[in-house]
């Protein structure tokens, strides 16, 4: 292919280090073919002055110098945040916003010639301050907002702070609250905080291709998008955002990178689109802005963790070029009718270049009704209130829900505080109501309870202790067919999580349980393969849908979910949790054909051992905030005696039903007490601090007891023979 000698190739790049993740150094042989040009520090004062003059400001020199001073002071005095940008790109955005505000103001006062005299230096300063605050406050943390306003007052003394002028949007957002089933809280609307966030997002969408909404889980990021989207769909033409608003939602970490961005076959050089590139092509084919009657505005929402592996592919899309170049040769030039919105809780692994490319909007905990750590707790409490009809039932349900993830001593202290706040001073009076709907008192069913032992079965019988009964009563409302809420059961190793869940599952009608044993090597493909085995695909008016194949309902049980290995960018654990979050939040997933497949009558249940040792990892708050959580612990000593007394009684009754010694409950109880004492002494003597595998749990004690079923016991043998066999079985567990 002959090259035109008049053509040239220009390469722009950022350093491979210095915080620019996802980038690599150019090879030396390639560097030699280009002439390097190093950019120097720009003169922001001159740039600001020239742009303001071009935008129509008379006093551009003095105002431009003050704007640059605000940016310099903010860089020095505000806190250091990964997403903060006080450079030329952010300054240019503010200058463009100043021009937009000036044009809108002049258009409004064009009919009144006398009002033009008011746009002197003070009037222009007021417009600049308005645009500066509107473009900057949205990306600041809650504490830095007050500091920034103080800096602006010092640099622009005497200039009042005014609103953005979107009074129509502010008043109409209340109707969108009702449309989405939300309650408009007057207390939350102090200084129009939530509506102000919608205005800030809207303003960022007007000026930038991409906007990041950053905030902890439960702070209202998705609600913010849905609220603004609902308004723009109803009244989009009035706000010049398009007569139709389409939204494409993707969780980038819920699928492999090749499925997200596409791939090229190295042998055939054939390009295969990914979910994101296919959505980009669909957006590109929408009617442009010049077709007013058919104008469509599109949002591509990436709801998930941000890391350089996929966000760097959108670098040229999010800057001023608005261009997506594919290896297939396609060059997709996006128009002003397209925006990328990113919802995430953290930007730690996003590169500096990415952070200055798009605008950031921070919903703050101080501005929301509750913080993210409280959202999950409140959801836990509300989940237990279904079907409550009396004050006593309300008290019990609230105690179960709000205290679900507390240890037993802390739960008891919380119960006392709850009784005090609800003015319940007499526990006995509440428990002895005539209708028996008071607080439940849990007891041990250790009388007249016979265990049926099956040597061929690998499952163990569940003893209904007081703690087990309490746990079952908490879990059953979450498994109700009408609610089917996702929940997470947390407890130490060997405390009986699987036994309790299996007992609860066995009570459900027409429900299949698909167990997924998690490990460090698990991927979303394993989950999708399991779904394809137990579900069938049907066609509906909304597209393809997965439904249980053989039953009415399906429970997808993730055992030891925190064993999945996180990726190098900190997504915990890996791509498994993003897939679960997508299934819980949006009730579906993207298959290998890049089609959205819905899920119906599928419930997510998970169990895990707490902590971050022995290959376990801390779960992402994005997952724990949308699931119900209940914590259990090891049985108390009296419960252990009751449990293993019943186990030994049933085992000996099965092996030697007519033995003269072991027919006595006292002898069996004494033997069980001896086993428990040995177990506790071994547990205290050999700890994981000495060796990693020195971890003894009640599961070992259970295996010790049921190991007797392998021995050929005779009814005429004496007690010492059985004791020797017990010690032989114990030695095999070491």
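The values are calculated or read from the model by the stated rules, or taken from the named source; none is laboratory data. Quantities reported herein were computed from a predicted structural model and do not represent experimental measurements. Using ideal geometry, Cβ is built from the backbone for each residue, glycine included, and neighbour counts are taken over all protein chains shown.
Considering each residue of the stretch 179-192, count those that are at pLDDT below 65 and under 24 Å from the mean Cα position of the chain (by Cα), and give that number.
Total meeting the criteria: 1.
Which is touching a strand residue (DSSP E or B) at 6+ places or on another chain (Cβ under 8 Å) and within 27 Å of residue 593 (Cα to Cα), of 523, 471, 511, 542?
Numbers: 523 fails: touching a strand residue (DSSP E or B) at 6+ places or on another chain (Cβ under 8 Å); 471 fails: within 27 Å of residue 593 (Cα to Cα); 511 fails: within 27 Å of residue 593 (Cα to Cα).
Of the residues listed, the single one that is touching a strand residue (DSSP E or B) at 6+ places or on another chain (Cβ under 8 Å) and within 27 Å of residue 593 (Cα to Cα) is 542.
From the list 722, 713, pick out the single residue that is part of a helix (DSSP H, G or I), at pLDDT below 75 and out of contact with any strand residue (DSSP E or B) (no Cβ under 7 Å at 6 or more places or on another chain). Don't jump to the end; show me each part of the working.
On the way: 713 fails: part of a helix (DSSP H, G or I).
Sole residue among the options that is part of a helix (DSSP H, G or I), at pLDDT below 75 and out of contact with any strand residue (DSSP E or B) (no Cβ under 7 Å at 6 or more places or on another chain): 722.
Could you list all residues from the stretch 50-73 that are touching a helix residue (DSSP H, G or I) at 6+ places or on another chain (Cβ under 6 Å), in contact (Cβ under 8 Å) with a residue 40 or more places away in the chain and either surrounded by fewer than 20 Cβ atoms within 10 Å (Cβ to Cβ) or assigned to a helix (DSSP H, G or I) (or both)?
51, 52, 55, 56, 59, 63, 66, 67, 69, 70, 73
Would you say residue 196 is part of a helix (DSSP H, G or I), modelled with pLDDT of 75 or more and more than 29 Å from the chain's Cα centre (by Cα)? Outline the logic, then answer.
Details: part of a helix (DSSP H, G or I): yes; modelled with pLDDT of 75 or more: yes; more than 29 Å from the chain's Cα centre (by Cα): no.
The answer is no for residue 196.
Which one of these does residue 626 not meet: (1) crowded, with 19+ Cβ neighbours inside 10 Å; (2) over 30 Å from residue 402 (Cα atoms)?
So residue 626 meets the others, but not (2).
Yes or no, residue by residue, for (1) surrounded by 13 or more Cβ atoms within 10 Å (Cβ to Cβ); (2) at pLDDT below 90:
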{"residue": "481", "(1), (2)": "yes, yes"}
{"residue": "488", "(1), (2)": "yes, no"}
{"residue": "492", "(1), (2)": "yes, yes"}
{"residue": "523", "(1), (2)": "yes, yes"}
{"residue": "529", "(1), (2)": "no, no"}
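Being at pLDDT 80 or above and under 30 Å from residue 123 (Cβ atoms): is that true of residue 30 here?
Numbers: at pLDDT 80 or above: yes; under 30 Å from residue 123 (Cβ atoms): no.
Criteria not met by residue 30.
Quick one: residue 508 ticks every box in (1) farther than 21 Å from residue 486 by Cβ; (2) assigned to a loop (DSSP other than H, G, I, E, B); (3) over 19 Å from the mean Cα position of the chain (by Cα) except a single one, so which number is it?
Looking at each condition in turn, residue 508 falls short on (1).
Please state which of the following conditions residue 606 fails to meet, knowing it meets all the rest: (1) farther than 30 Å from residue 693 by Cβ; (2) assigned to a strand (DSSP E or B).
(1)
Might you let me know whether the stretch 556-571 holds any residue that is over 30 Å from residue 403 (Cα atoms), in contact with a helix residue (DSSP H, G or I) (Cβ under 9 Å, 6 or more places away or on another chain) and crowded, with 17+ Cβ neighbours inside 10 Å?
Within the stretch 556-571, one or more residues are over 30 Å from residue 403 (Cα atoms), in contact with a helix residue (DSSP H, G or I) (Cβ under 9 Å, 6 or more places away or on another chain) and crowded, with 17+ Cβ neighbours inside 10 Å.
Would you point out which residue out of 652, 695 is in a helix (DSSP H, G or I), outside the structural domain of residue 496 (by TED's automatic domain parsing) and within 27 Å of residue 500 (Cβ to Cβ)?
Working: 695 fails: in a helix (DSSP H, G or I).
Exactly one of 652, 695 is in a helix (DSSP H, G or I), outside the structural domain of residue 496 (by TED's automatic domain parsing) and within 27 Å of residue 500 (Cβ to Cβ), namely 652.
For the stretch 215-236: of the residues being in a helix (DSSP H, G or I) and in contact with a strand residue (DSSP E or B) (Cβ under 8 Å, 6 or more places away or on another chain), which is nearest to residue 346 (Cα to Cα)?
So the first thing to find is which residues in the stretch 215-236 are in a helix (DSSP H, G or I), and the list is 221-235.
Filter again for in contact with a strand residue (DSSP E or B) (Cβ under 8 Å, 6 or more places away or on another chain), leaving 221-222, 224-225, 229, 232-233.
Details: 221: 12, 222: 15, 224: 17, 225: 18, 229: 23, 232: 27, 233: 29 Å.
The residue in question is 221.
Could you go through the stretch 498-511 and let me know if any residue there is at positive phi and in contact (Cβ under 8 Å) with a residue 60 or more places away in the chain.
Of the residues in the stretch 498-511, the ones at positive phi are 510.
From what's left, in contact (Cβ under 8 Å) with a residue 60 or more places away in the chain: none.
For the stretch 498-511, residues at positive phi and in contact (Cβ under 8 Å) with a residue 60 or more places away in the chain: absent.
Rundown of residues vs (1) within 26 Å of the chain's Cα centre (by Cα); (2) in a loop (DSSP other than H, G, I, E, B); (3) modelled with pLDDT under 85, yes/no style:
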{"site": "327", "(1), (2), (3)": "no, yes, yes"}
{"site": "335", "(1), (2), (3)": "no, yes, no"}
{"site": "343", "(1), (2), (3)": "yes, no, no"}
{"site": "348", "(1), (2), (3)": "yes, yes, yes"}
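Going through the stretch 370-401 one residue at a time, which ones are modelled with pLDDT under 80, part of a loop (DSSP other than H, G, I, E, B) and within 25 Å of residue 582 (Cα to Cα)?
Residues satisfying the conditions are 370, 371.
For the condition at pLDDT below 80 and out of contact with any strand residue (DSSP E or B) (no Cβ under 9 Å at 6 or more places or on another chain), what is the one hit in 669, 732, 650, 674? Walk me through how you get there before you give the answer.
Numbers: 669 fails: at pLDDT below 80; 650 fails: at pLDDT below 80; 674 fails: at pLDDT below 80.
On inspection, the qualifying residue turns out to be 732.
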